[in-house]
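Worksheet for the structure shown next.
The values are calculated or read from the model by the stated rules, or taken from the named source; none is laboratory data. All values derive from a computational prediction rather than experimental measurement. No Cβ is skipped: glycine too gets one built from the backbone with ideal geometry, and neighbour counts run over all protein chains shown. Keep in mind that these areas ignore ligands, DNA and RNA; they rest on the heavy atoms of the full protein, side chains included. Shrake-Rupley method; radii C 1.70, N 1.55, O 1.52, S 1.80 Å.
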Amino acid sequence: MPRIEKREVEFEGQVTEREIIVEEEGIAPWDEGAQLRVVGQPARRVDGPARVTGQAVYTTDLRLPGQLTAKLLRSPHSHARIVSIDSSAAESLPGVHLVWHREHLPPIVYFDGRELFPIELAYEGAEVALVVAEDESAAEEALAAIDVSYEKLPFVEDLDAALAEDAPPALLGTDDNRINPQGQVYERGDFDQGWEEAEVTVVFSFVTPNAAHSALEPHATVARWEGNELTVWESTQGVFSVRSELAEALDIPYDRVRVICDYMGGAFGAKQRPGRHSILAALAARATGRPVRLVLSRREEQLVSGYRPASKQTVRIGAREDGTLTAIEHRAWQHMGAFGHRGYVVVGPSRELYACPNVRTVMQGVRANMDRGRAFRAPGYVEGTFALECAMDVLAQRLEIDPLELRLRNYAETDPSRGQAYTRKGLREAYEIGAQRSGWRDRHEVPREDGPWRRGWGMASQIWGGGGGPPANAIVKLLPDGTVEVLVGVQDIGTGTRTALAQIAAEELGLPLTGVRVVLGDTLPAPYGPTSAGSQTLASAGPVVRAAARACLRDMFDLAGQMLGIEDADDEAFFVEDGDLVYGPDPEVRVEFVDVAAKVDGYTLVGDGARGPNPEGKRVNTFGAQFAQVAVNVDTGQVQVLKVVAVHDVGRVVNPMTASNQVYGGIIQGLGLSRMEARIVDSETGLQLTSNLETYKVPTIMDVPEIEVSFIDRADAEANSIGAKGVGEPPIIPTPAAVANAVSDAIGVRITDLPMTPRRILDAISGREAGE
Amino acid sequence: MKRFAYARASTVEGAVQALGDSCRPLAGGTDLIGLMKKGLLAPERVVSLKGIPALRGIERDEDGWRMGALTTLSDLTERYDGVMDRELGVLSQAALESASPQLRHAATLGGNLMQRPRCWYFRNPLTHCWLKGGDHCFAAVGKNAHHAILGADTCHIVHPSDPAVALLALDAEVEVVGPEGSRRIGLGEFFAEPQRGARSETVLGADELITEVFVPGPPAGAQGVYVKVTERASWDFALVSAAVQIEISDDEVEAVRVVLGGVASMPWRAREAEGLLRGKALTAERIEEAATASSAGAAPLSDNGYKVRLVEGAVGEALRRLKRA
């Protein structure tokens, strides 16, 4: 029975206490010794052929009969006020159905707490007008025909400008660009005393850039009304959050809104909620009586679809001569954009990674004239780990202790931030395996110089959540031919969720993978599933699919008992084996799975499952370590990452193939942030100079080094019934720190700013030569 | 994109007649289409050159190499016949370092010489910079890490072509046809610093067309190397590049051309470095001296001082490779 409980809930490094509904799953977890057939085996994606042959329909592929095209006019200024808009010429163009702006407003005026078409445009690319037309070129012509007069306002383009003494406000009506002027302060022990006790201290400042998510598929909505029922196809990480937010905004019942995201071309955190494009498409479809498609261009995607907030950080670490940490202070400022919140937990790693008694962290969100900073794959932790783990390397150097040894000396056996035990922590093993595979201990025997090239090694640690939790539900339906449908409310954002969930259902039901169809990314047939964020999808939905399959199986066992003439058989007495339902006390007594299904015939046997609670008073975390080897050319500043060895502890690995994919992807994205990715803004105009994939550089395959992946593949049976945790975010967390440590090891100069372009490398070397 | 008329030319004469002030020739289209999509160019007519057989083909005669303007960059890298590889090695390397395989299959040699700069102010439709007829260069005080350190006055663009740098090292000439007939221009004179009144990177008239690139037959034993430094390993424009073409006999540098890319509005000859090498043995000391001299005259902006060091690094690397060869 579901019950209401107050529980600690972890999401992206924030722990909050909330009332949630929990329900016991009532099944024994697959522990370390569990003999599994399908789970844990490498499985090709069940939808792989559909994806690679182009049969998979993504939101941007949809073309509905009678569909119209919507496009947005966006602000050409980083901060401006609208003086006047004249859209009469645009409205009279052939093929134009509708033009909305602040002088011709849509039926609702506010969305997400803000005006849809405000008079103040607080960032380049802010929405000025919407055009709906027969096709793309008619819509473009109409956009060009709208006459807008703007009054330019002073702007702040980056953290330095926003925090300057006499900075103009990023948003009119505010008098401080600091979103929380006092900062979010965390303190344990007594930092000042720990600092006094330190025999060696390190103080370093770090800078990380605004980084665009750059998903292959842009933000996109296709909206269609049939009577008073709305169907929205949305490229999203959370079909249920899109449904509830659209229904609330439109003031219609939830059951009139269906949200679909069958296939998804990447998100990385930027698509957790519906956007202004989503609500405008829905409103325009209702106003025109025709389906409306609104797909952002690549320029819009890079310009206004969210970014990892730039950070400035200062880390102070104190330690004794033997390497024991006595004090850590971590201060962070984040560039949250014009409408951002207080910020992501950049200082999380400093609170959680090491057993240090005296820790003080201070975080502050800062407003600047850019679109809203958004969660981007392990938000905060990538940046914070870069700062902390680089500072730890500097400390190791000062102490003349091996960087890995320094980390081991401060290993946290229990969570130092809350004093709680971990369900499992395999970081020590990850360090050891990583050291072995990367040749860490023999690195001093390898020649470090080859002409202008210098070789270097670096490593870094990772901590993150990924334990998932309730609420999440699933339904398993048995079909008369012995196949099953799994209905689950999550979405596969490209990570392989569909395949992993099929493996779990197949495992529990004793079926081959081909006997299971997973239906996801659709709010109509499925019960609730969480947003795919915080690496919570598998650990939330996996146990639920297993519980639903088990519920279905229990009914089948009951029927099997009746078919076999066993009186009053306890359904726990049965098990599945080789496609049979077997009676435990006498394994000769068995009936084929398909025969039971055939018996069911027209009756639909349905099993449902809900996510049980996470263990109380314990922390469920993922851990890992990465070891990077680089070569740096001291004449040209080129950095070649030669190899990255990654070892992560994410509990049981359900599918080694898709899990490895996640690690490759995380590392490559981390290398992008390390070496080339940055939104660059002109200080004279406040305009972004990188709103395309030429100047906003993401890595090509030629930038990808040898990557060696391994897992501490051991069930975390205390965490949940499948023993698995999330793997989406962990692998990007340590990459920039490991690479930066390797670069500094190679050239003997600390690089503190990302990305590490040839310019930064050469400037650092020149700075050292000049004695700076 | 603004509507335009489309014409197909089948002869060079026909193409020249069809050209004019608001017309643009179209070959691979890898730059033209992008400029038109951004609204930076809005020609009334686009004249396709693709159907002109006379613009195709690579030939070696007794004077040297003739490469039709429609030669693609991948033709330069893939049509190795041994001789071309040996004699035009620096050009093949430069072509191979350009863009991506998809782009190299489409992009032509003529178009590559005529491509507009990648300056992010020039390419941004929202900034009316000097090169587009505005009153100042945004890069002069703006984000200029990728901009010029040599020869820049009003405008701080760099020329984006890799092959152009190699071709200048090979002393190439460009055959141009216009209403008045044809003329041949040395590549060093073909490019021009954008000037008030002619905010353009070349001397080519609006009604003129490149038909051929000519490379005088390099003497036997001449060798070339192209070194390109980028932020990303592939599909990236040069921060700095260096093309060095050299003839060595009896351990002495008989002739040498050192040309830099990514530093000026045109491929830039490092004449001081050339002077230091000519007539001397290619020793490690000489290489270092020449590398240091190759950035002579550099006047960096706020963010691109690193390019001075980078030029020296790239030239040093090219010379060391030639010494080893």
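Remark on segment A:80-169: ratio of C-alpha radius of gyration to 2.2 N^0.38 Å is 1.30.
Give, to the nearest whole percent, the P(r) tail of segment A:193-250 beyond 12 angstrom, counting all Cα pairs. Percent of Cα pairs beyond 12 Å in segment A:193-250: 80.
Report the local net charge at A:ARG178: Lys and Arg +1, Asp and Glu -1, summed over other residues whose C-beta lies under 14 Å from its C-beta.
Its environment carries a net charge of 0.
Once you wrap a convex hull around the alpha carbon atoms of segment A:210-302, what is its projected area averaged over all directions, in nm²? Hull-based average projected area comes out at 5.8 nm². Restricting the calculation to alpha carbons of segment A:594-645 gives Rg and Dmax of 27.3, 76 angstrom. Working from Cα pairs under 8 Å separated by at least six residues, relative contact order for chain A is 17 percent.
Considering just Cα atoms, how many Å³ per residue does the convex hull of segment A:61-122 enclose? Present the calculation step by step, with values, prior to reporting the outcome.
Numbers: hull volume 9.0 nm³, N = 62.
Each residue corresponds to 145 Å³ of Cα convex hull volume.
Using 0.36 nm per residue and subtracting the Cα-Cα separation, the extra length available between A:THR174 and A:LEU105 on full extension is 22.3 nm. Net length available on complete extension from A:VAL704 to A:ASP86 is 217.5 nm, with 0.36 nm assigned per residue and the Cα-Cα distance removed.
Given Cβ point charges of +1 (Lys, Arg) and -1 (Asp, Glu) and nothing else, what value in debye, to the nearest 20, does the dipole of segment A:187-281 about its Cα centre take?
Values: 8 positive and 15 negative charges, 162 e Å.
Here the size comes out at about 780 debye.
Put simply, the amide H of A:VAL681, placed in the peptide plane, has neighbours under 5 Å in A:LEU689, leaving out anything fewer than 5 places away on its chain. Note on the protein assembly as shown: Kirkwood hydrodynamic radius from all Cα pairs is 32.0 Å, rounded to one decimal. Given the -39500 (n - 2.57) contribution per DSSP H run of 4+ residues, what per-residue ellipticity at 222 nm results for the protein assembly as shown, rounded to the nearest 500 deg cm²/dmol? Using -39500 (n - 2.57) per qualifying helix, the result is -7500 deg cm²/dmol. Here, segment A:419-532 has an Rg and a Dmax of 22.5, 71 Å when only alpha carbons are counted.
Under Stokes-Einstein, with the Kirkwood radius over Cα pairs as Rh, the value for segment B:60-151 at 25 °C and 0.890 mPa s is 156 µm²/s. Apply 1/(1 + (r/R0)^6) to the Cβ-Cβ distance of A:ASP450 and B:GLU285, taking R0 = 25 Å, and write down the FRET efficiency to the nearest 0.05. Efficiency, rounded to the nearest 0.05: 0.75. A cut-off under 11 angstrom between Cβ atoms defines the neighbours of A:TRP464, and their net charge, with Lys, Arg +1 and Asp, Glu -1, is -3. Sorted largest first, the spans of the alpha carbon positions of segment A:563-659 along the three principal axes are 83, 35, 30 Å.
Just the number, please: carbon plus sulfur as a percent of the accessible area of segment A:230-286, 1.4 Å probe, no ligands or DNA/RNA counted. Please report the intermediate quantities before stating the final value.
Details: 690 of 1530 Å².
Here carbon and sulfur together make up 45 percent of the probe-accessible area.
The relative contact order of segment B:9-151, computed from alpha carbon pairs under 8 Å that lie at least 6 residues apart in sequence, is 22 percent.
I want the local charge near A:VAL645. Using Cβ-Cβ distances under 10 Å, sum +1 for each Lys or Arg and -1 for each Asp or Glu among the other residues. It would help to have the intermediate numbers written out before the result.
Numbers: positive: A:ARG437, A:LYS643; negative: A:GLU706, A:GLU708.
Within the 10 Å Cβ shell, the charges total 0.
Here each label is just a point 7 Å from Cα along the line to Cβ, and for A:SER683 and B:VAL141 those points are 1.0 nm apart. Placing one equal scatterer on every Cα of segment A:268-339 and applying the Debye formula, the log10 ratio I(q)/I(0) at q = 0.13 Å⁻¹ is -0.63.
Between A:PHE575 and A:GLU199, what's the calculated FRET efficiency when r is the beta-carbon distance and R0 is 56 Å? Round to 0.05.
Values: r = 61 Å, r/R0 = 1.09.
Using R0 = 56 Å, I get an efficiency of 0.35.
Each residue of segment A:609-623 is assigned a 3J(HN,Hα), and the resulting list reads x, 10, 6, x, x, 6, x, 7, x, 10, 9, 9, 9, 10, 9 Hz, derived from the Karplus form 6.51 cos²θ - 1.76 cosθ + 1.60 (θ = phi - 60°), x at Gly and Pro.
Given R₀ = 30 Å, FRET efficiency for A:THR604-A:GLU248 by Cβ-Cβ distance, to 0.05? Walk me through the intermediate numbers first.
Details: r = 33 Å, r/R0 = 1.10.
For A:THR604 and A:GLU248, the calculated efficiency is 0.35.
Each principal axis of chain B carries a Cα extent, and these read 59, 49, 35 Å when sorted largest first. Label-to-label distance, A:ALA34 versus B:ASP251, with points set 7 angstrom from Cα along the beta-carbon direction: 7.6 nm. Applying Stokes-Einstein at 4 °C and 1.567 mPa s to the Kirkwood radius of segment A:330-483, computed over alpha-carbon pairs, gives a translational diffusion coefficient of 68 µm² s⁻¹. Projected label points at A:ARG7 and A:ASP255, each 7 Å from Cα along the beta carbon direction, are separated by 2.8 nanometres. Return the subset of B:LYS2/B:LYS132; A:LYS599/A:LYS725; B:LYS228/B:LYS323; B:LYS37/B:LYS143; A:LYS312/B:LYS228; A:LYS152/B:LYS143 for which the Cα-Cα distance in this structure is over 27 Å, preserving the input order. Among B:LYS2/B:LYS132; A:LYS599/A:LYS725; B:LYS228/B:LYS323; B:LYS37/B:LYS143; A:LYS312/B:LYS228; A:LYS152/B:LYS143, the Cα-Cα distance tops 27 Å for A:LYS599/A:LYS725; A:LYS312/B:LYS228. Extension gain for the segment A:ALA770 to A:GLN420, taken as residue separation times 0.36 nm less the Cα-Cα distance, is 121.1 nm to one decimal. Here, P(r) means the percent of Cα pairs in each 5 Å bin from 0 to the largest distance; for segment B:1-156 it is 2, 8, 14, 16, 16, 16, 14, 9, 4, 1, 0. Which of A:ALA145, A:PHE376, A:PRO29 sits closest to the plus end of the dipole of chain A, meaning its Cα is farthest towards the positive end, when Lys and Arg get +1 and Asp and Glu get -1 on the C-beta? Of A:ALA145, A:PHE376, A:PRO29, it is A:ALA145. Between the alpha-carbon centres of segment A:501-553 and segment A:224-246 there is a gap of 22 Å.
Taking both sides together, the accessible area buried where B meets A is about 2900 Å² for a 1.4 Å probe.
What is the diffusion coefficient of segment A:42-200 in µm²/s, taking the Kirkwood radius over Cα pairs and the Stokes-Einstein relation at 10 °C with a viscosity of 1.306 mPa s? Mind showing how you got there, number by number?
Working: Rh = 20.3 Å.
Translational diffusion coefficient: 78 µm²/s.
A cut-off of 5 Å between modelled amide H atoms, ignoring neighbours fewer than 5 places along the same chain, links B:ALA255 with B:GLU247. Remark: segment A:440-445, residue by residue, has Karplus-estimated 3J(HN,Hα) of 4, 6, 9, 5, 6, 8 Hz, where x stands for each Gly or Pro and the curve is 6.51 cos²θ - 1.76 cosθ + 1.60 at θ = phi - 60°.
Rounded to the nearest 20, the Cβ-based charge dipole of the protein assembly as shown about its Cα centre (Lys and Arg +1, Asp and Glu -1) stands at 1720 debye.
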